Amino acid sequence: MLIKKYSNGCRAVLATKEHAKELAPFLRLKDRLEVNAEQFSTCEEALMAGLNNDDLTITALDKEGKPFAMFGVGTALDKPYIWLLGSAGVKDNWYVFAKASKYLLPFLITDYPVVSGLVIKEYKISIKWLKWLGAIFIREVEHNGTPFYEFIIKNEQY
């Protein structure tokens, strides 16, 4: 189901199992490190966990219809979360991806006063992007031996 179409042909759509299977082998190195730190056995398993547990999961498709990112929101242990995993296609479609992120974020977090997530401490480009989206980094944590920052994003409409 189409959520938003962009002028360069990229689209945001509701995520499917097929998107997860197609995207999994192409996740960026640091995204794969995050998957490993979360103790998923494969990237596909991590993407499917999001798809199966989120309240909403979206896939970003490039102009050829190939998935280059999946992201979602949900609640685990009464704590709202947000996540994103992507391939090199994020960089290839950076301008549209950034614009779409800013546009879709309020839609994603409509039902939550605040969402939280983790990002690998050395993932500089993701940290910069998260700050641009309004993330507040609240603490450094070690998760399964990997240093992360925990962040929150407040829903300004609440």
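For region 142-151, putting each phi into the Karplus relation 6.51 cos²θ - 1.76 cosθ + 1.60 with θ = phi - 60° gives couplings of 9, 10, 6, x, 10, x, 10, 9, 8, 10 Hz, in residue order, rounded to whole numbers and with x for Gly and Pro.
At what distance in angstrom do the alpha carbon centres of region 79-133 and region 136-158 lie from each other? Each part's Cα centre sits 12 Å from the other's.
In this structure the amide hydrogen of H143, modeled in the peptide plane, comes within under 5 Å of the amide hydrogens of F148, none closer than 5 places in sequence on its chain. Rounded to the nearest whole Hz, the Karplus-based 3J(HN,Hα) values (6.51 cos²θ - 1.76 cosθ + 1.60, θ = phi - 60°) of region 9-16 follow the sequence x, 5, 9, 10, 9, 5, 6, 10, with x at glycine and proline.
The 3J(HN,Hα) values that the Karplus relation (6.51, -1.76, 1.60; θ = phi - 60°) gives for region 122-136 are, in residue order, 8, 7, 4, 5, 5, 5, 4, 4, 4, 4, 4, 6, x, 5, 10 Hz. Gly and Pro appear as x. For D55, nonlocal amide neighbours, meaning residues 5 or more places apart or on other chains whose placed amide H falls under 5 Å from its own, are V73, G74, T75. Rounded to the nearest 5, the antiparallel percentage of DSSP beta bridges internal to the chain is 95%. By the compact-protein rule of thumb, 2.2 N^0.38 Å, the alpha-carbon radius of gyration of region 68-158 corresponds to a ratio of 1.07. With the convex hull of the Cα atoms taken as the outline of region 22-76, the averaged projected area works out to 3.9 nm². Within the listed set N52, N93, N144, the Gaussian network model of the chain (springs between alpha-carbon atoms below 10 Å) gives the highest mean-square fluctuation for N144. With 0.36 nm allotted per residue and the present C-alpha distance subtracted, the L133-K121 stretch has 2.6 nm of extension available. For the chain, the relative contact order comes to 20 percent (Cα pairs under 8 Å, sequence separation of at least 6). For the chain, the mean residue ellipticity at 222 nm estimated from helices alone is -10000 deg cm²/dmol, where every DSSP H run of n ≥ 4 contributes -39500 (n - 2.57) and the total is divided by all residues, rounded to the nearest 500.
All of the numbers you see were taken from the coordinates with simple rules; none came from a lab. In this text, all values refer to a predicted model and were calculated from it rather than measured experimentally.
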